[in-house]
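Encoded as structure tokens, the structure appears first; notes follow it.
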Amino acid sequence: MYKHTLTAAVALASISAFGVHAADAAPQGFIEGSKASVSSRTMYYNNDNRERGGTDQRETAESLKFDYLSGFTQGTVGFGIDAQALVGIHLDGGKGHHPANNNTFFPSDTDGSAVDEWSRAAANVKARFSKTEAHLGGALQPNMPILVANDSRLLPQTFDGGTITSKEIDNVTLNAGQLEHSAGRASSNSTGLAVAGGTQDSNQFRYAGADWKVTKDLTLQYYHSNLKDYYTQDFLGLIHVFPIDANQSFKTDLRYFYSGSDGKNGDAGYRFNNNNNGFAKTPGEVDNKTWSVMFTYTLGGNAFLLGHQRVSDDGGFVYLNQGNVVDGNGRPEANGGASFYLFTDAMIKGFVRAGENTTFGQYSYDFAALGVPGLKTSIAYLHGDNIKATNGSGPDSSEWERDMRIDYTIHQGALKGFGVTLRNGVYRGSEVSNNPDVDQTRLIFNYTYSFL
């Protein structure tokens, strides 16, 4: 883990900000379409390990994110640039509260304690032709069924590579690209790409897909992706919203993934640990089918959610995860943190191990219906069972999680946009589960100030 100075990061951000004014001579559109902002996030993170011998984690940190997004130059093909600088500052949590060499929340120093601060900066160049945009650089944050950039801690996960998005066909959005590296949510450097358990990285994640809005209420999706030497994955999705009346609706969301092994997957360094050493028909290889369905009934400020998910018996669900990648000397790169496009990507666990059947529900309420805009609350419960034993013959295990959250964002006045989030999660696994019991609390303060 490389340590960068706060001064260097702020200097980079300042250069980007000054660039907004220095480009006054650029063709019309580049400046007029520009946006510049600074976002702050302060987070208290408490991970209470309920198992004996586990180290509890209690830390507080602050982050700053500087963003500059230009417009496009005039002409048949318009060009622009997006720049970003990120800074994380540790406020509290010494060796007794930051588990040694734990990089899930904040980077660790050489002695195992948290570093004082860390930073990184990157930029993308972009081009637009008609209704098609291309982006190339190291500050990409994709959000698609086959890849979701993680933003669950202080700073977002970013990727470098190239992406193309086209809307030339009415009601159809086409996406394609190749990604080569990622920088984790608590990392100042980037690495190649992998899956959980993979110590060797791959520099080629290719994807292509489409979102087709068949009607204003129905959307169909298909995506194909390939992480070289790890896996291929196909996704099918259907989203339908049935409007009952002006105050009610019923939403159906169906998702199906089919994943298989690719190239060196299964060889030393390219093994998939099947989500915490879970069962696999062929150990170390990717072999999975997962389907999930969620129904949401909305009535005024109320939203009632109920769903079910099934993971096939042959192996766990797979997604990009660089948490086990090592450098040329065999040292961990500490590029952890991952998200995926399933309803069970919960606050603490993912519920995606081989054979797992998960039933989940959630109730949320938007207090805008009572004249308090910006205030929302929710409670969710997930229960997974039939988790196959690692050896394939032992007793099945089960797990459950309960998550609660309350959010409030100020809608007017001098602090307009200032937001507060309180989250609490409780996770418990059966005696034969591989995961320890955890209670987790997060208190988050967010604010974004826009210069342009």
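For segment 411-450, which positions are among the aliphatic types (A, V, I, L, M) and touching a Ser or Thr at 6+ places or on another chain (Cβ under 7 Å)?
Result: V432, I444.
Tell me, please, whether a residue that is of a type in the set (V, I, T) and in contact with a Phe, Trp or Tyr (Cβ under 9 Å, 6 or more places away or on another chain) can be found in segment 321-342.
Looking through segment 321-342, none of the residues is of a type in the set (V, I, T) and in contact with a Phe, Trp or Tyr (Cβ under 9 Å, 6 or more places away or on another chain).
Taking the residues in segment 221-256 that are farther than 20 Å from K289 by Cβ and among the basic types (K, R) as candidates, determine which candidate is most open to solvent (accessible area, probe 1.4 Å).
Ranking the qualifying residues of segment 221-256, first place goes to K228.
Among the residues of segment 328-340, count how many are part of a strand (DSSP E or B) and modelled with pLDDT of 95 or more.
Residues in segment 328-340 being part of a strand (DSSP E or B) and modelled with pLDDT of 95 or more: 1 in total.
Taking segment 82-96 on its own, how many of its residues are free of Cβ contacts under 8 Å to residues at least 60 places away in the same chain and in a strand (DSSP E or B)?
Going through segment 82-96 one residue at a time, the tally reaches 4.
Tally up the residues in segment 204-229 that are within 13 Å of L320 (Cβ to Cβ) and under 20 Å from the mean Cα position of the chain (by Cα), please.
So the count comes out to 7.
Out of segment 59-76, which residues are open to solvent by 20 Å² or more (accessible area, probe 1.4 Å) and either out of contact with any Gly (no Cβ under 7 Å at 6 or more places or on another chain) or small (G, A, S) (or both)?
E62, L64, K65, F66, D67, L69, G75, T76
Report yes if some residue within segment 183-201 is of a type in the set (S, T, Y), surrounded by 19 or more Cβ atoms within 10 Å (Cβ to Cβ), in contact (Cβ under 8 Å) with a residue 12 or more places away in the chain and not in a strand (DSSP E or B); otherwise report no.
Yes, there is a match, as at least one residue in segment 183-201 is of a type in the set (S, T, Y), surrounded by 19 or more Cβ atoms within 10 Å (Cβ to Cβ), in contact (Cβ under 8 Å) with a residue 12 or more places away in the chain and not in a strand (DSSP E or B).
So in segment 202-220, with the set limited to residues that are in a loop (DSSP other than H, G, I, E, B) and of a type outside the set (S, T, N, Q), which one is most open to solvent (accessible area, probe 1.4 Å)?
The selected residue is K216.
Considering each of G350, G355 in turn, give the residue that is open to solvent by less than 50 Å² (accessible area, probe 1.4 Å), at positive phi and in contact (Cβ under 8 Å) with a residue 40 or more places away in the chain.
Just a single option satisfies the conditions, and that option is G355.
When you go through F79, F18 one by one, which is the residue that is more than 30 Å from G323 (Cβ to Cβ) and either open to solvent by less than 30 Å² (accessible area, probe 1.4 Å) or at pLDDT 95 or above (or both)?
Going through F79, F18 in turn, the sole match is F79.
Could you list, in sequence order, the residues of segment 322-342 that are closer than 19 Å to S259 by Cβ and either more than 13 Å from the chain's Cα centre (by Cα) or open to solvent by less than 40 Å² (accessible area, probe 1.4 Å) (or both)?
Of everything in segment 322-342, those that are closer than 19 Å to S259 by Cβ and either more than 13 Å from the chain's Cα centre (by Cα) or open to solvent by less than 40 Å² (accessible area, probe 1.4 Å) (or both) turn out to be Q322, G323, N324, A338, S339, F340, L342.
The values are calculated or read from the model by the stated rules, or taken from the named source; none is laboratory data. Bear in mind that the values here come from a model prediction, so they are computed numbers and not experimental data. Neighbour counts run over all protein chains shown; Cβ positions are idealised from the backbone, glycine included. Please note that ligands, DNA and RNA were not included when accessible areas were found on the heavy atoms of the full protein model with its side chains. Shrake-Rupley method; radii C 1.70, N 1.55, O 1.52, S 1.80 Å.
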